[in-house]
Amino acid sequence: MADPLLQVRGLTKHFGGIVANDAIDLDVHAGELHAVIGANGAGKSTFIAQLGGDVAPDAGTIRFLGRDISRLPVHRRAHLGLARTFQTVNLLPAFSAVENVALALIARDGHAFRFWRRATDDCRVTAEARAVLDRVGLADAGHRPAGTLSHGGQRQLEIAMALATRPRLLLCDEPMAGLGLGESDSLIALLAEVARDIGLLLVEHDMQAVFALARRITVLDRGRVIASGPPAAIRADAEVQRLYLGAEA
Amino acid sequence: MILALEQILNGAQLGLMLFLLAAGLTLVFGIMNLVNLAHGSLYMMGAYFAVTLIDWTGSFVLGALLALPAVLLLGIAVEVICLRRLYARSHLDQLLATFGLLLFFNDLVLVIWGKAGRTIALPGWLRTSVEILPGVPYSAYRLLVIAAGLVVALGLWFTISRTRIGMRIRAGASDREITGALGIDVASLFSLVFGVGAMLAGLAGILNAPILTVQSGMGERILVIALVVTVLGGIGSVRGAFVAALSIGLLDTLARAFLPDLLKVVLPASAAQTAGAAAGSMIIYLLMVITLAVRPQGLFPVRAR
Amino acid sequence: MRPTPRLVIYAALLLALALVPLAADLTGNRFYVTLANRAVILALAAISLNLIMGYGGMISFGHAAYLGIGGYSVGVLAEHGIDNGWLQFGLAIGASALFAFLTGLVALRSRGVYFIMISLAVAQIAYFAAVGAYRYGGDDGLTIFSDSRFVPWLRLGDSVTFYYLCLAVLLVALILTNRLVNARFGFVLRGIAANETRLRALGVPVFRHRLAAFTLAGALCGLAGALLANFADFVSPSMMDWTRSGDLIVMVVLGGVGTLMGPVLGAVAFVVLEQELSNLMEHWRLLFGPLLVIVVLAGNRGLDGLLGGRRNG
């Protein structure tokens, strides 16, 4: 098998006396959708925060494309091709959908030290922004301020912004949260399509979505990995059933 | 050595006055999330109230004591009329509105009390000096100010750490939502906290009135230093404000007292005086910039913000 | 572009500013030029503050320091007999930019109130540095006996010439600002102000963009300070008093935060209000202070907001 896109080894984080992440190992390969599940407080948010670069690990390494990124600042990770969406919708509500995506496209260039030409006159940028919006199903909403989109639309825009950076790996932190049934279905389809080309790490509460989408599932409990494998194996895992699925089902 | 002791006492006195201002600032900051540039105006109003009330009553002690509830009421009035509408607003809005209040109060005192600065004459028994060490006299009034400052600081510590109301205030300073959830009447609590903070600032003004000239704008320089103290101590932390206030008071006083002498080694006397005093004033700001560069949340952070 | 009421009013404002010397001549009241000149220079400083505060979301409470640094650059060189304008203004812009850059290096690691307080503390340091500069008058300030010289035909000592120079600088600054905030740099800067976390996650080096904007604003305000020194023929530490920084914030917010013409409108309104209210009553701040409170409580969209729905920029 080819080298994984993302290779996490022994990732550990303490907050005071609490061990939020305890020696987590995890791989994500290109073209693979890997889901991380676990109850509230299992350490999913801390895990994502360490991958994204918001929180510095106490021990362990995060290798991305073969390179150790454990200590890189957030924007450098983004540059290498690590994109993310946030647990709570995190957009620029006063900017239009096209502008939100355009910012992501400009960010891809590394800096924006261009002081004269109007950013929105740049045809390449606006055209590409519209193309990305089209891909996530927001073709008609380009001119609308992001804050006025429906909740589902804002979730789609989140993903559009992440995709616009042309990531190699996408971290999605509970993208289904707060979505209606129809909205989740279209988002599931979108994520499935996205995961064909790049790696996708999905943290999600919606078990139906997880088992429908994921090729591998890792289960966290109190900061530790208690199981990791294909959906069928996870479903069958006794400890997972006792700890997690049993409680919910 | 004698000079040093005197300057240390002066520094402690400035530190305690700064604490009286910073205590209110840090609580209002921490609990209501309000940046209040008009806090120095309350200090100034305390001094002016003292001028008038001492005049009316003919007694220094009575006048000074009556000025306290006057500032308390003024503080509550300002909170109810204006500031409570600003708690949920951006810092920019808060800066602008409280800057407006500051301008208002500066001209208000000119209208009421006139342009000329006012002074307060101390009663005879306070105009004496006390021998703090054999052969070292020190102003009795300044000693009284230090004692008063310490008593208030102790009282404030006791109130906040040992009483029910203090517990609520601490809850508010660390988590505003919790205060609401505990079913505490938040609006009255805020008014009370603001009023008491105003009263403490007023007390500093009252105590300083006989030492300084009471004039419009007198609150501005000390306000900036008190803001430094508040930020250095960690916003919302009364203990941090105390430590920072005393350190800043001592540092500022000692630097301004001794830097000119040090500079006389390399500069002519008058130049050393100017440059030394200015460098002395600069030091506390340098300290603040350096501290915040290393510890961006102050010395005693109450919570992440 | 169809002329909106806003556009018409702003064009009229600029035209009115251009006609002030004529009006002063006709009415025989030279004082109008002085008043308008002060407004124009302050507008330049307010534009610079608005660049970081309005578009960049960085509330600097020490912006008057750059006025002082620009002013002292002119004053100190003049004191040493150097009245070459290129040198003086070059130093003013360079020194302000450097000071802003160094300030930014420290301050921009903080957020919110901590940022406000560091910018205030740094400005206080500059203030006391001027107070301690005994060679240059210390607290009493420094009188400037010769105007900056650029080319023989441009005499800054002539009040009308100087006024038109300032107005021209203001127009250029407005055009540059308009390009800047709509170019990629300004677009990203506004994006950072709106949602810093998001922009960082997209890969934007937030600190670098903020620092660049902060430095640029410092340079522009230093230029305003150099003009102010030529205007008053005097510099003193009081130019850098923290309440002066407060005045600049007032102008920006009064005019409309994050709008192109807001700072100009705010500076003109500030100077006119100051003048008119102080004619009306000696203690004009008794009215002006509560006015600020009302502006804030009424929703704080500034004068620009009164001109109708759209927020430009």
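The values are calculated or read from the model by the stated rules, or taken from the named source; none is laboratory data. As the structure is a prediction and not an experimental result, all values here were calculated from the model. No Cβ is skipped: glycine too gets one built from the backbone with ideal geometry, and neighbour counts run over all protein chains shown.
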>> When you check C:V181 against the structure, is it facing chain A (nearest Cβ under 8 Å) and either under 19 Å from the mean Cα position of the chain (by Cα) or crowded, with 24+ Cβ neighbours inside 10 Å (or both), yes or no?
In response: no
>> On the basis of being closer than 16 Å to B:I290 by Cα, surrounded by fewer than 24 Cβ atoms within 10 Å (Cβ to Cβ) and among the aliphatic types (A, V, I, L, M), does C:V106 make the cut?
In response: yes
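Being more than 8 Å from every other protein chain (Cβ to nearest Cβ) and surrounded by fewer than 23 Cβ atoms within 10 Å (Cβ to Cβ) is true for just one of A:A97, A:A127. Which residue is that? Explain how you work it out, then say what you get.
Numbers: A:A97 fails: surrounded by fewer than 23 Cβ atoms within 10 Å (Cβ to Cβ).
Only one candidate passes the filter, namely A:A127.
Quick grid of which residues meet (1) in contact with a Ser or Thr (Cβ under 6 Å, 6 or more places away or on another chain); (2) among the acidic types (D, E):
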| position | (1), (2) |
| --- | --- |
| A:R9 | yes, no |
| A:H14 | no, no |
| A:D25 | no, yes |
| A:A59 | yes, no |
| A:D68 | yes, yes |
| A:L91 | no, no |
| A:A102 | no, no |
| A:A119 | no, no |
| A:R124 | no, no |
> So which of C:A168, C:A123, C:A212 ends up being closer than 19 Å to C:S96 by Cα and either surrounded by fewer than 22 Cβ atoms within 10 Å (Cβ to Cβ) or at the interface with another protein chain (Cβ under 8 Å from one of its Cβ atoms) (or both)?
Replying inline: C:A212
> For the stretch B:17-25, does any single residue satisfy the condition of being within 14 Å of another protein chain (Cβ to nearest Cβ) and either over 21 Å from B:T230 (Cβ atoms) or touching a helix residue (DSSP H, G or I) at 6+ places or on another chain (Cβ under 8 Å) (or both)?
Replying inline: yes
>> Given the condition part of a helix (DSSP H, G or I), over 16 Å from C:F61 (Cβ atoms) and within 14 Å of chain C (Cβ to nearest Cβ), answer yes or no: does some residue in the stretch B:62-75 qualify?
In response: no
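In this structure, is C:I82 away from chain B (no Cβ under 14 Å) and outside any helix (DSSP H, G or I)?
So C:I82 passes the test.
Here's the yes/no breakdown for (1) of a type in the set (A, V, I, L, M); (2) outside any loop (DSSP other than H, G, I, E, B); (3) within 10 Å of chain C (Cβ to nearest Cβ):
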residue	(1), (2), (3)
A:T61	no, yes, no
A:L72	yes, no, no
A:H79	no, yes, yes
A:Q87	no, no, no
A:N90	no, no, yes
A:L103	yes, yes, yes
A:A107	yes, yes, yes
A:A112	yes, no, yes
>> Please count how many residues of the stretch C:265-300 are in a loop (DSSP other than H, G, I, E, B) and of a type in the set (D, E).
In response: 1
> C:A226: within 22 Å of B:L102 (Cα to Cα) and at pLDDT 95 or above, yes or no?
Replying inline: no
> Of all residues in the stretch B:76-94, which are more than 21 Å from the chain's Cα centre (by Cα), among the hydrophobic types (A, V, I, L, M, F, W, C) and within 10 Å of another protein chain (Cβ to nearest Cβ)?
Replying inline: B:I81, B:C82, B:L86, B:L92
> Hey, among the residues in the stretch C:130-145 that are modelled with pLDDT of 90 or more and touching a Phe, Trp or Tyr at 6+ places or on another chain (Cβ under 9 Å), which one's surrounded by the fewest Cβ atoms within 10 Å (Cβ to Cβ)?
Replying inline: C:T143
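Rundown of residues vs (1) surrounded by fewer than 18 Cβ atoms within 10 Å (Cβ to Cβ); (2) basic (K, R); (3) modelled with pLDDT of 90 or more; (4) within 23 Å of B:L18 (Cα to Cα), yes/no style:
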site: B:P123; (1), (2), (3), (4): yes, no, no, no
site: B:S129; (1), (2), (3), (4): yes, no, no, no
site: B:P134; (1), (2), (3), (4): yes, no, no, no
site: B:R142; (1), (2), (3), (4): no, yes, yes, yes
site: B:I146; (1), (2), (3), (4): no, no, yes, yes
> Which one of these is within 25 Å of C:A130 (Cα to Cα), among the hydrophobic types (A, V, I, L, M, F, W, C), in contact with an Asp or Glu (Cβ under 8 Å, 6 or more places away or on another chain) and not in a loop (DSSP other than H, G, I, E, B): C:L77, C:L49, C:L87?
Replying inline: C:L77
> Just wondering, is there one or more residues in the stretch B:237-254 that are in contact with a Leu (Cβ under 8 Å, 6 or more places away or on another chain) and on the phi > 0 side of the Ramachandran plot?
Replying inline: no
>> Could you tell me how many of the residues in the stretch B:252-305 are of a type in the set (D, E) and either closer than 20 Å to C:W242 by Cβ or buried (at least 19 other Cβ atoms within 10 Å of the Cβ) (or both)?
In response: 1
> Which one of these is touching a strand residue (DSSP E or B) at 6+ places or on another chain (Cβ under 9 Å) and modelled with pLDDT of 90 or more: A:L157, A:L149, A:L202?
Replying inline: A:L202
>> If I filter the stretch B:250-269 for residues that are at the interface with another protein chain (Cβ under 9 Å from one of its Cβ atoms), part of a helix (DSSP H, G or I), in contact (Cβ under 8 Å) with a residue 12 or more places away in the chain and β-branched (V, I, T), do I get at least one hit?
In response: no
>> Let me spell it out: the conditions are (1) hydrophobic (A, V, I, L, M, F, W, C); (2) in contact with a Ser or Thr (Cβ under 6 Å, 6 or more places away or on another chain); (3) over 27 Å from B:S41 (Cα atoms), and B:A271 meets all of them except one. Which number is the exception?
In response: (2)
> Going by the conditions given, is C:V188 more than 14 Å from chain B (Cβ to nearest Cβ), farther than 28 Å from C:L19 by Cα and part of a helix (DSSP H, G or I)?
Replying inline: yes
>> Among the residues in the stretch C:191-204, are any more than 23 Å from C:L265 (Cα to Cα) and of a type in the set (S, T, Y)?
In response: yes
> Of the residues B:L110, B:L14, which is surrounded by fewer than 20 Cβ atoms within 10 Å (Cβ to Cβ) and either in a helix (DSSP H, G or I) or touching a residue at least 40 places away in the same chain (Cβ under 8 Å) (or both)?
Replying inline: B:L110
> In the stretch A:195-224, how many are in a strand (DSSP E or B) and within 19 Å of the chain's Cα centre (by Cα)?
Replying inline: 10
> Looking only at the stretch C:292-307, which residues are more than 7 Å from chain B (Cβ to nearest Cβ), on the phi < 0 side of the Ramachandran plot and in contact (Cβ under 8 Å) with a residue 12 or more places away in the chain?
Replying inline: C:V295, C:R301, C:L303, C:D304, C:G305, C:L307
> Among the listed residues C:V160, C:V151, which satisfies the condition of being part of a helix (DSSP H, G or I), more than 9 Å from every other protein chain (Cβ to nearest Cβ) and surrounded by fewer than 19 Cβ atoms within 10 Å (Cβ to Cβ)?
Replying inline: C:V160
>> Given the criteria buried (at least 24 other Cβ atoms within 10 Å of the Cβ), farther than 28 Å from C:A126 by Cα and of a type in the set (A, V, I, L, M), does C:L202 qualify?
In response: yes
